[in-house]
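Here's the structure, in structure tokens; my notes come after.
The values are calculated or read from the model by the stated rules, or taken from the named source; none is laboratory data. In this text, all values refer to a predicted model and were calculated from it rather than measured experimentally. A quick note on method: Cβ atoms are made from the backbone with ideal geometry, for glycine too, and the neighbour counts reach across all protein chains shown. SASA here: full protein model, heavy atoms, side chains in, ligands and nucleic acids out. Shrake-Rupley method; radii C 1.70, N 1.55, O 1.52, S 1.80 Å.
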There are 2 protein chains.
Amino acid sequence: MRVSSRALGDEMGITASQIRQDFSCFGEFGQQGYGYHVKELLTEIGRILGVDQNHRIIIIGAGHLGHALLQNFPFSQTGFAVDAAFDISPDIIGSYINGKPVYAMSEIENYLKENIVDVVALTIPQSVAQETANQLISLGVRGFWNFTNLELTSANPDVIFENIHFADSLLTLSYRIAHKSARD
Amino acid sequence: MRVSSRALGDEMGITASQIRQDFSCFGEFGQQGYGYHVKELLTEIGRILGVDQNHRIIIIGAGHLGHALLQNFPFSQTGFAVDAAFDISPDIIGSYINGKPVYAMSEIENYLKENIVDVVALTIPQSVAQETANQLISLGVRGFWNFTNLELTSANPDVIFENIHFADSLLTLSYRIAHKSARD
């Protein structure tokens with residue numbers, strides 16, 4: 001099956017030429033006038049995104065948000081494998097959430113020595129977010145999926161923070177609502 | 001206290017001229033050579049974002065994710081007031097989470113007749129997301145803060161969907177990790 005840049009553009013609300021230009025940043029896909037081979041395109045985009053690399057992720061903080069991620073987020077579809085969660089609450093340490101073990105946060109140093117961890121999902125309170133990030137960075141963690149609504153920083157340029165901006169998103173919604181009200 | 005477009009730009013990693021250009025979309029702020037009056041700027045940005053409008057929000061789905069939002073998200077800082085949550089689970093209907101009542105989903109129609117609701121946060125399973133959105137739209141809801149990782153649609157152009165894209169965010173992180181590995 002093939003798909004044209006025009007069909008892809010229509011689907012995404014951008015121009016065919018923007019599609020071709022974006023793809024061209026990553027090499028040669030498809031053939032002029034023939035469109036893209038869908039399966040090859042999917043494989044190639046997956047490769048670009050690193051979905052084929054089977055990244056390992058652990059969840060720091062198994063409260064409601066961490067729990068929700070463990071239970072519902074389709075990690076494998078994005079090329080990630082979840083190995084464990086960590087928490088400080090005795091009530092859940094030693095339990096399993098959706099088949100994944102919840103370990104004590106005090107075990108994190110040993111865990112990181114013995115296991116490959118590409119990314120840590122931070123689902124902990126803001127009040128301990130930066131200090132926990134600092135600790136994890138000192139133990140070698142370089143990738144953070146940050147849910148704390150706090151802008152985390154590191155002096156180490158190798159550390160990558162990817163933030164889930166709940167507040168930015170809600171403010172965007174607020175703006176969109178506020179600016180359609182003239183019409184109501 | 002005043003702040004220059006250069007200082008703001010440095011803080012955000014963009015140019016001073018971009019800052020001035022962006023602000024100019026919304027009118028006249030500050031004075032050439034004098035920078036911006038911080039308090040006025042904050043008020044004005046809050047007004048632009050609709051933070052001053054005290055939007056009302058309810059949470060549809062009081063599972064782990066809904067619970068996490070109710071418990072931890074600083075709604076008031078973004079100009080929203082949470083009034084209630086709705087769920088189908090008898091275990092939590094009638095309970096309170098962080099002081100907010102959890103009602104039965106079967107009560108939603110009556111609730112929407114009697115209360116102003118600007119935004120609904122959708123923290124429900126994907127499998128019921130679109131049908132629930134359809135139901136809420138038919139009952140008059142026009143703003144959705146969508147956590148379902150599903151692209152929701154409506155034929156009604158007045159309906160606004162703002163999506164929290166967990167998967168996009170993790171894929172971005174995956175990409176960033178994959179493309180720094182050449183350097184490691």
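Counting only heavy atoms of the protein chains and using a 1.4 Å probe, B:Thr78 has close to 10 Å² of accessible surface. Per residue, the Cα convex hull of region B:1-54 amounts to 81 Å³.
Between copies, the label points at B:Asn98 (set 7 angstrom from Cα along Cα-to-Cβ) are spaced 2.1 nm, reported in nanometres from shortest to longest.
When chymotrypsin sites (Phe, Trp or Tyr not before Pro) are flagged only if DSSP places them in a loop and at most 11 other Cβ atoms lie within 10 Å, the longest unflagged stretch of chain A comes out as A:35-184. A Förster radius of 25 Å, combined with the Cβ-Cβ distance separating B:Phe26 from B:Asn134, puts the computed FRET efficiency at roughly 0.10.
With loop membership from DSSP and a limit of 13 other Cβ atoms within 10 Å, the longest segment of chain B without GluC sites (Glu not before Pro) is B:29-150.
Taken residue by residue and averaged, Cβ atoms of other chains lying within 10 Å of the Cβ of A:121-131 number 1.
Karplus-derived 3J(HN,Hα) values for region B:19-28, using 6.51 cos²θ - 1.76 cosθ + 1.60 with θ = phi - 60°, are 4, 4, 5, 4, 4, 5, 4, 10, x, 9 Hz; glycine and proline are entered as x. Buried between A and B is an accessible area of approximately 4000 Å², summed over both sides with a 1.4 Å probe. Counting heavy atoms of the protein chains alone, B:Arg20 has an accessible area of about 110 Å² for a 1.4 Å probe. For the peptide A:71-77, the mean number of other protein chain Cβ atoms found within 10 angstrom of a residue's Cβ is 4. With 50 Å² as the minimum drop in accessible area between chain alone and full protein complex (1.4 Å probe), the qualifying residues in region B:28-65 are B:Leu49, B:His64.
Proximity of backbone amide H atoms, modeled 1.01 Å from N, is registered between B:Ile97 and B:Val102 at under 5 Å, excluding neighbours fewer than 5 places apart on the same chain.
Diffusion coefficient (Stokes-Einstein, Kirkwood radius over C-alpha pairs, 20 °C, 1.002 mPa s) for region A:123-184: 159 µm²/s, rounded to a whole number.
Ascending distances from the A:Leu42 label point to its copies in the other chains, with the point 7 Å along the Cα-to-beta-carbon line: 5.0 nm. In sequence order, region B:114-125 has phi-based couplings of 9, 9, 7, 9, 7, 9, 10, 8, 9, 10, 10, x Hz under the Karplus curve 6.51 cos²θ - 1.76 cosθ + 1.60, θ = phi - 60°, and Gly or Pro positions carry x. Per residue, the accessible area of region A:31-184 comes to 50 Å², computed with a 1.4 Å probe over protein heavy atoms only.
For the Cα trace of the protein assembly as shown, dividing Rg by the Kirkwood Rh returns an Rg/Rh value of 0.98. Projected over all directions and averaged, the alpha-carbon convex hull of region A:77-184 occupies 10.0 nm².
Amide H contacts under 5 Å for B:Asn163: B:Asn146, restricted to partners 5 or more places along the chain or on a different chain, H placed in the peptide plane at 1.01 Å from N.
Karplus-based coupling profile of region A:56-70, in residue order and whole Hz: 9, 10, 10, 10, 9, x, 9, x, 4, 5, x, 4, 4, 4, 4, with θ = phi - 60° in 6.51 cos²θ - 1.76 cosθ + 1.60 and x standing for Gly or Pro. Scanning chain B for the beta carbon that comes closest to the axis linking it by rotation to A yields B:His64, 2, distance in whole angstrom. When the alpha-carbon atoms of region A:60-126 are used, the pair Rg, Dmax equals 11.4, 32 angstrom. Sorted from nearest, the other copies put their A:Asn54 label points 5.6 nm away, the label point being 7 Å from Cα in the direction of Cβ.
Averaged over the residues of A:163-169, the number of partner chain Cβ atoms lying within 10 Å of the residue Cβ comes to 5. Counting protein heavy atoms only, the protein assembly as shown has 50 percent of its accessible area on carbon and sulfur, 1.4 angstrom probe. Would you please state which residues of region A:84-115 a label at A:Ser127 would reach in this model, taking the label point 7 Å out along Cα→Cβ and a backbone N cut-off of under 15 Å? Output list for this probe position: A:88-89.
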